[in-house]
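Bear in mind that the values in this text are calculations on the coordinates, not laboratory data. All of these numbers come straight from a predicted model, not from anything done at the bench. With ideal geometry, Cβ positions are generated from the backbone for all residues, glycine too; neighbour counts draw on all protein chains shown.
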Amino acid sequence: MTPFLQSMFVVARRDFLAIVATPTFLLFLLAPLFMVGMGLAGGMGASQLADSARGAGRIVVVADPADIAALRAADARLREGFAGSNAPPSLAFRIAGDATIDPVAITSEKGSDTYAVMSGPLENPRIVERNADGKSGRYLALLAGQVLRDRAAGEVAPVKPRFESIQRGGASIAVQQSLGFGAVFVIFLLTLLLAGQTVSSLAEEKGNKVIEILAAAVPLESVFLGKLLGFLGVAVLFIAFWIAMAFGGGVIAALLADPASLAAAGGTSEVATALASTPATGWAFFLGIGFIYFILSFLLLGAVFLGVGAQAATVREIQMLSLPITIFQVGMFSLSAAAASAPGSGLARFAQIFPFSSPLAMAARAATDDSKAVHLLALGWQAIWVALVIFLSVRLFRAGVLSSGSGWKFWRRTATSAAATAATAAEPH
Amino acid sequence: MNDFSVEANGLTKYFGDYKAVDHVSLAVPAGSIYGVLGPNGAGKTTSLRMTLGIIDPDEGSSRVFGARPQSVRHRIGYLPEERGLYPGMKAREAIAFMGALRGLEWAEGRRRAASFMTELGLERVIDEKIRKMSKGMAQMIQLIGSIVHAPDLIVLDEPFSGLDPVNQERLEMLVRRERDRGATILFSTHVMAHAERLCDRIAIIARSQRRFEGTVDEARALLPMQVRYTPREQQDPATVAANLPAGAELRGDGWHFAIEDRDVEPLLARITASGLGVTGLSISRPALHDAFVHIVRQVDAGFDADAAEDAAQEASA
């Protein structure tokens, strides 16, 4: 192993252990649990709120007593065609003939939200609705029509449908796009979470003055790459932990679950559908290339964070400098997410070529486009940019961390290097 | 084989408009202990940093073992002026880490760390975290870390500052032992006693420039011999003064004056011939401290004169 690589691994080892061998790393490792927990809590709250809002709402028909049974039967049949949140609000009846019943007054009654009230003859009903062109009013019109159609048709034998499930319907474009978006989101989230940590590590070294020892002992490039490698190790450990947890959780769930009741509940159907709808390049390639794109994205962003963060002297300055990079990265996420939802578009091509969005957008492309050779091209292109960003960041790092005073200027350095080279060449040997 | 471990030529560094180091050259003989002396802010640390290639000079160049300093990093041990260790690391690990940076195996680094620490009486803190140590102890750990890989060149920037007398003594012992092992030692200090005891050669830097280079004796020889003379009692001061060199001054414990080496014997002859007698006589070389102060004051006086001249020119203009 060359001294450069050796020193790089020494720095990486130190950084890796400094993070992993601390109790706080456990909190970091379990951070997704908190995130998911908070998300679930928020989601459940919102869902409960939506359910209770839905339960409190109603539609009302002011009908002759003779029509109520027919309306109720038609309502039951029509509701079979709606699922979940698309179902219309519950139907309530008021007996017509009472002169005091005013449909407008009904919409203002307390205790529940009344979305629409239908009154008058079914052939020509009056529908008062809370929102113009609302779904509830349309539904009541549909209900009236259904009752009239039932009466005109007379007795009809009940339909006896035979349902057949397609076990594997091939790749769904929508699911593939969702997979692409998922890849963009996961890579973005992990990169942002972990690359930002490199800056605090650098702040620590600036604070405790270790940086000068490092700079004297090894090339700054190896310090820089070592830091990135150390944090990449942390990232890989983080991912491996959660893959293992997910796998373990899946196995335990499969062992504990009763297959018969699960099948009856249809609980696996959605997962089965998602798995059946493979990414265009296949699961193995998609996951593999996604991981490589994550590494490149991490190196790109981590190098930028390190280079810019090296200019900061205090934690406050680090936070201020990190903010524009984070905003930029959120912009790259938005670009890549838009590209994932419009594969093959000009926007998608731009996102795939632009260096900082390329890893995200290309990961999304692996979900929707089956060509694999293009990924080699993309990896090469991104590697060039990683090298370029690292080169520039090392210069910034050198100027910032060592505070060498003169500051780094490209033209000045070039001139100095040229002069030094000339002087060295002129030296007697 | 190169006779010099370090050859720095015309090192110059600007910090903004301020010229921190002005064409400083150093030539450190292989296997010697070389001191870079100077008052605070003279440019010692910046000179050492440029010598080691940690920062780039604006002018000049540096060679270590005949090569670019960056290419022989593994043969160098460096203790920076601003001490730095990872507070969460244990002492042994910190030393092994610094050795590993220079290519030493971790296991060997740990073994040597324990050996050094035991030798220096620090065995009780081998597995103690740095953050729990005193500043002096941490400094000793860092010093061990800078020599654990048995470097051929050891560069110590103000190594004695912050150490108690016992640890200063230990450090001096360590420096001598490393020199005896064959290493070249280059260190900076503004405490002359250490330089006087340790250094084979010194360079004095003041106001960004090198003002002296040579051995300690050569530095001391810059000043004349210091004489304290007490004649027999009841001597007439005017008579005594007439027989002593110009500038002789009578203080409480006798006459004080300075003479050149060559004037020692004629002086003794004159005192004997004059019949003034001798109750006390000491002739001594000035200390390095005196030579250092003399050089620095000369430089400061030159600067003050230049400044006064500039002010006068400005006023007349």
- Query: Which of B:TYR18, B:VAL299, A:LEU140 sits farthest toward the positive end of the charge dipole of the protein assembly as shown, with +1 on the Cβ of Lys and Arg and -1 on the Cβ of Asp and Glu?
  - Reply: A:LEU140
- Would you mind ranking A:VAL184, A:VAL386 so that the residue whose beta carbon has the fewest other beta carbons within 10 Å leads the list? A:VAL386, A:VAL184
- Note on the structure: Final fewest-first order of A:PHE16, A:PHE34 on the 10 Å Cβ neighbour count is A:PHE34, A:PHE16
- Once Lys and Arg get +1 and Asp and Glu get -1 on their Cβ, which of A:VAL218, A:LEU192, B:GLY84 lies farthest toward the positive end of the dipole of the protein assembly as shown? A:LEU192
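Once you have the Cα-Cα distance between A:PHE25 and A:ASN131, take 0.36 nm times their residue separation minus that, and quote the gain in nm to one decimal.
32.9 nm
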- Item | Cα Rg over Rh - region A:270-367, Kirkwood | 1.09
- Task: Filter the trypsin sites (Lys or Arg not before Pro) in region B:223-317 to those in DSSP coil with at most 16 other Cβ atoms within 10 Å of their Cβ, and list the result.
- Result: B:ARG232
- So how compact is region B:1-62: Cα radius of gyration and Dmax in angstrom? 11.8, 40
- Message: Let me spell out the model: positive unit charges on the Cβ of Lys and Arg, negative unit charges on the Cβ of Asp and Glu, origin at the Cα centre of the protein assembly as shown. What dipole size does that give, in debye rounded to 20?
- Response: 1900 debye
- Within region A:72-136, chymotrypsin sites (Phe, Trp or Tyr not before Pro) in DSSP loop having at most 13 other beta-carbon neighbours inside 10 Å: A:PHE82
- Exposed loop GluC sites (Glu not before Pro) only (DSSP loop, at most 13 other Cβ atoms within 10 Å): please give the longest stretch of chain B free of them, not including the sites. B:106-232
- Magnitude of the Cβ-charge dipole of region A:83-220, K/R +1 and D/E -1, about the Cα centre, nearest 20 debye? 340 debye
- Please turn the phi angles of region A:390-395 into ³J(HN,Hα) values with the Karplus equation 6.51 cos²θ - 1.76 cosθ + 1.60 (θ = phi - 60°), one per residue in order, whole Hz, x for glycine and proline. 5, 4, 5, 5, 4, 5
- Message: Suppose the Debye formula is applied to equal point scatterers at every Cα of region A:1-148; what is log10 I(q)/I(0) at q = 0.09 Å⁻¹?
- Response: -0.47
- Evaluate Rg over Rh across region B:84-139, taking Cα atoms for both radii and Kirkwood's formula for Rh. 0.94
- Item | Charge-dipole axis of region B:192-288 as Lys and Arg at +1 and Asp and Glu at -1 on Cβ define it, positive-most pick from B:ALA287, B:PRO224, B:GLN209 | B:GLN209
- What's the exposure ranking of B:ASP300, B:ASP200, A:ASP133, going from fewest to most Cβ atoms within 10 Å? A:ASP133, B:ASP300, B:ASP200
- Calculate the mean, over all residues of peptide B:96-106, of how many other protein chain Cβ atoms lie within 10 angstrom of the residue's Cβ. 5
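Of the GluC sites (Glu not before Pro) in region A:73-152, which ones lie in a loop per DSSP and count no more than 15 other C-beta atoms within 10 Å?
Details: sites: A:GLU80, A:GLU109, A:GLU123, A:GLU129; in loops: A:GLU80, A:GLU109, A:GLU123.
In loop regions of region A:73-152 (DSSP not H, G, I, E or B), the sparsely surrounded GluC sites (Glu not before Pro) are A:GLU80, A:GLU109, A:GLU123.
Could you tell me whether chain B comes out rounded, prolate or oblate from its Cα gyration tensor? Rule is a ≥ b ≥ c as square roots of the eigenvalues, rounded for a/c under 1.5, then prolate if a/b exceeds b/c, otherwise oblate.
Verdict is prolate for chain B.
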- Message: On the Cα set of the protein assembly as shown, report Rg and Dmax in Å, please.
- Response: 42.1, 158
- Note on the structure: Heads up, region A:71-207 by the C-alpha gyration tensor (a ≥ b ≥ c square roots of eigenvalues; a/c under 1.5 rounded, else a/b over b/c prolate, else oblate) looks oblate
- Query: Could you give the dipole magnitude of region A:1-152 about its Cα centre, charging the beta-carbon of Lys and Arg +1 and that of Asp and Glu -1, in debye to the nearest 20?
  - Reply: 480 debye
- Query: With each run of n ≥ 4 DSSP H residues scored as -39500 (n - 2.57), what mean residue ellipticity at 222 nm is computed for chain B after dividing by its residue count and rounding to the nearest 500 deg cm²/dmol?
  - Reply: -12000 deg cm²/dmol
